[in-house]
1. Listed residues Val55, Val101; which is touching a strand residue (DSSP E or B) at 6+ places or on another chain (Cβ under 7 Å) and either outside the structural domain of Pro270 (by TED's automatic domain parsing) or of a type in the set (A, V, I, L, M, F, W, C) (or both)?
2. Can you name the residue in the range 355-374 that is part of a loop (DSSP other than H, G, I, E, B) and out of contact with any helix residue (DSSP H, G or I) (no Cβ under 8 Å at 6 or more places or on another chain) and, of all such residues, is farthest from Pro321 (Cα to Cα)?
3. Find the residue count for the range 332-366, including only residues that are over 24 Å from Ala239 (Cβ atoms) and under 23 Å from the mean Cα position of the chain (by Cα).
4. Does the range 363-375 include one or more residues that are within 24 Å of Leu49 (Cβ to Cβ), surrounded by 20 or more Cβ atoms within 10 Å (Cβ to Cβ), of a type in the set (Lys, Arg) and in contact (Cβ under 8 Å) with a residue 12 or more places away in the chain?
5. Just to be sure I understand, how many residues within the range 122-171 are out of contact with any Asp or Glu (no Cβ under 9 Å at 6 or more places or on another chain) and hydrophobic (A, V, I, L, M, F, W, C)?
6. Filter the range 239-254 down to the residues that are touching a Leu at 6+ places or on another chain (Cβ under 7 Å) and either buried (at least 23 other Cβ atoms within 10 Å of the Cβ) or assigned to a loop (DSSP other than H, G, I, E, B) (or both) and list them by number.
7. Tell me the helices (runs of 4 or more DSSP H) entirely within the range 90-204 that contain at least 2 residues that are touching a residue at least 24 places away in the same chain (Cβ under 8 Å) and under 22 Å from Gly215 (Cα atoms).
8. In the list Ala279, Ala365, which residue meets the criterion of being touching a Gly at 6+ places or on another chain (Cβ under 9 Å), in the same structural domain as Ala60 (by TED's automatic domain parsing) and within 30 Å of Phe102 (Cα to Cα)?
Amino acid sequence: MDVFDKCRDGRLGEYRAAEAIGLMPFFRELDRWPAGDLVMLGSNNYLGLARDPRVRKAAAEAVDAFGTGCTGSRLMNGTLSLHRQLEEELADWMGTQACLVFATGYAVNLGTISTLVGSGDLVLLDTASHASVVDGARLSPGRMRLFGHNSVPSLRRRLERWRGQGDGGALVVIEGVYSMEGDLGPVEPMLRTCRELGGRLLVDEAHSLGVLGPGGAGAAAAAGARPDLIMGTFSKSLASCGGFLAGPTDVIDYLRIACRPFLFTASGVPAAVAAALAATRIAREEGWRREALADRARQLHEGLAGLGYRVGDPPAAAIVPVVVGDDWRAGLLWRALIEEGVYTNCCVAPAVSKAGAMLRCSVEATHSDHDIDRALRAFEAARSKLD
């Protein structure tokens, strides 16, 4: 056996065949933003802040003041006043005692779960969990178990079984809004179940931060729930790169000295931290962005449903999935939409189930009625091409 044998997996042949006929929807080069004359329905720029002049100015000023990088970890020389300001702002926003900023959102879940779940503990994950959540659970020395997607009874059975077997702790991880289908996590009943059976709840607010809840504080805030830990990213609504964990001071301080993906990663660069700080303040203050986002998502969903596309329930946030069901047909629809001037995300296994190939559409607060109408005309034209 050769460790390179796996690199000749048959699925790579499919990718190369798709690339040869212009159907490869991944690693596209988008050197202009917005992407030329395209209607962008493939970005997580939910609040439309990635090109906001205030956010760009904050990033540029941080480069002037601190340089392009800290060239060290947060532990050593990589903590700036910007990091402290951002952590204080986020803790206030989330209503928690403390907050810790990481260089990437992926590292938040990877580090938090693998550090907190010990050898005698259990981590319980929703079957639709993000890869960072799954990898954090796999990296931990504890046991990992799955429960049915958004199923409170399934979670309850798992926790009851665990409580009858051992004395370790249990960490439950759910998402405020799930990244592919865009459905809302049942935060309040999940939290109630955890409280009753002695589990701790971590809510990943990556796709709900800035979008839902009072002041955009997320799905947990929208549900009136206070989970034990809240995770969020800067790469969606907050127009930057990085992530954070918010929670009790004791937990945050422990992670500060024990979490390896935090300790041994270079600090988030000044421009990214400053951009996230500026975007956080704007997101909290400008409620019209959430209202506009909800209107655009509803407009797109209703229009696609009227055209006969499989779009599921009304959108909980910014994501509108168009379920196609076949990888190649999803690729053909993606290309037809590009030709009509609309960019979407083509999602196939393992990002979704093999039967669930889809185009993942996401709207932005700064989309206009004209943008959505143009996108719907493109979907109508694309369908006629494929039929």
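The values are calculated or read from the model by the stated rules, or taken from the named source; none is laboratory data. Nothing here was measured: the structure is a model prediction, and the numbers come from that model. Positions of Cβ are generated from backbone atoms using ideal geometry, with glycine treated the same way; all protein chains shown enter the neighbour counts.
1. Val101
2. To start, the set of residues in the range 355-374 that are part of a loop (DSSP other than H, G, I, E, B) comprises 355-357, 363-368.
Next cut, out of contact with any helix residue (DSSP H, G or I) (no Cβ under 8 Å at 6 or more places or on another chain) only: 355-356, 368.
Values: Ala355: 14, Gly356: 10, Ser368: 20 Å.
Ranking the candidates gives Ser368 first.
3. 11
4. No.
5. Result for the range 122-171: 11.
6. Ala239, Phe244, Leu245, Ala246, Gly247
7. On the way: elements: 105-116, 131-139, 152-163, 187-197.
Where helices (runs of 4 or more DSSP H) fall fully within the range 90-204 and carry at least 2 residues being touching a residue at least 24 places away in the same chain (Cβ under 8 Å) and under 22 Å from Gly215 (Cα atoms), they are 187-197.
8. Details: Ala365 fails: in the same structural domain as Ala60 (by TED's automatic domain parsing).
Every option except Ala279 fails the conditions.
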